[in-house]
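Below is one structure, written out as structure tokens; the observations come after it.
Readers should treat all values here as calculations from the given coordinates under stated rules, not as data from a laboratory. Bear in mind that the values here come from a model prediction, so they are computed numbers and not experimental data. Cβ: placed from backbone, ideal geometry, glycine included. Neighbour counts: every protein chain shown.
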Amino acid sequence: SQTIHQWPATLVQPVGSPLSLECTVEGTSNPNLYWYRQAAGRGLQLLFYSIGIDQISSEVPQNLSASRPQDRQFILSSKKLLLSDSGFYLCAWITRGSYNEQFFGPGTRLTVL
Amino acid sequence: DAKTTQPPSMDCAEGRAANLPCNHSTISGNEYVYWYRQIHSQGPQYIIHGLKNNETNEMASLIITEDRKSSTLILPHATLRDTAVYYCIVRVAFNQGGKLIFGQGTELSVKP
């Protein structure tokens, strides 16, 4: 069965510090991968998506970057966090070409102080 | 990207049917309508999706109008555990990444 892992579950970081959030998928190959962010009390915003290794598309200009060094690994990074980077970060995947559901990970709650 | 419009909030009595409307007047012919829900502090949960025919599964029914410009999600017997934010989404074509673009959703409150 397919599973998706995200870590850490919760993170508190000072402004200006770096960030690295990792997402890994098991039980599938060649998935499309996605990073979403949800600010407090708001809807989900798509940040990045990837259709393959080292293929990253950015949806909105921001202080974050994404990388996909392996087929089932998706990393969200920042060199210097801003207060506005606080939020709930969700990784998701779908089998490419499928019209079935998109699976979401458990999420990472990031607080920047 | 096709956008969706949903009422910000709705109430429903426990045991009654919850009918959640969604407008997607700019939907393209090859774009699917998806419904997800999110319970506080959790990741979104898939409910159902469809292209042009009505769909039903163990969770809900999806009614899509003939012109495909709107749809309704039906929870036939709402329970307190169905209280959540419900998102109606048009899935972007796969040659554009197959993205789910979330709107603000409808906050459904199921009351005893």
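Note that the range B:34-48 has calculated 3J(HN,Hα) couplings of 10, 10, 10, 9, 9, 8, 2, 6, 10, x, x, 10, 5, 10, 6 Hz, one per residue in order, obtained from phi through the Karplus relation 6.51 cos²θ - 1.76 cosθ + 1.60 (θ = phi - 60°); glycine and proline are x. Taking other Cβ atoms within 10 Å as a rough exposure proxy, A:L83, A:L33, A:L19 sort from fewest to most as A:L83, A:L19, A:L33. At full extension, B:L80 and B:M10 could sit 23.8 nm farther apart than now, given 0.36 nm per residue minus the alpha carbon distance.
Applying a DSSP loop filter and a limit of 16 other Cβ atoms within 10 Å to the trypsin sites (Lys or Arg not before Pro) in the range B:1-71 leaves B:K3, B:R16, B:K52, B:K69.
Considering all alpha-carbon pairs of chain B, what whole percent are spaced by more than 23 angstrom? Result: 22 percent of Cα pairs exceed 23 Å.
Straight-distance candidates among the lysines for linking to B:K99, with alpha-carbon spacing under 17 Å and chain neighbours fewer than 8 residues away dropped: B:K3. For the protein assembly as shown, the orientation-averaged shadow of the C-alpha convex hull comes to 12.3 nm² (one quarter of the hull surface).
When Rg and the Kirkwood Rh are both derived from Cα coordinates, the Rg/Rh ratio for the range A:1-100 amounts to 0.96. Charges were assigned to the Cβ only: +1 to each Lys and Arg, -1 to each Asp and Glu. The resulting dipole of chain A about its Cα centre is roughly 240 debye.
Rounded to whole numbers, the Karplus 3J(HN,Hα) couplings from phi for the range B:98-112 are x, 6, 9, 9, 7, x, 7, x, 10, 8, 9, 10, 9, 10, x Hz, using 6.51 cos²θ - 1.76 cosθ + 1.60 with θ = phi - 60°, and x at Gly and Pro. Legend: ranking of residues A:D85, B:D67 from fewest to most surrounding C-beta atoms inside 10 Å; resulting order B:D67, A:D85. Of the GluC sites (Glu not before Pro) found in the range B:16-112, those that fall in a DSSP loop while having at most 13 other beta-carbon atoms within 10 Å are B:E58, B:E66.
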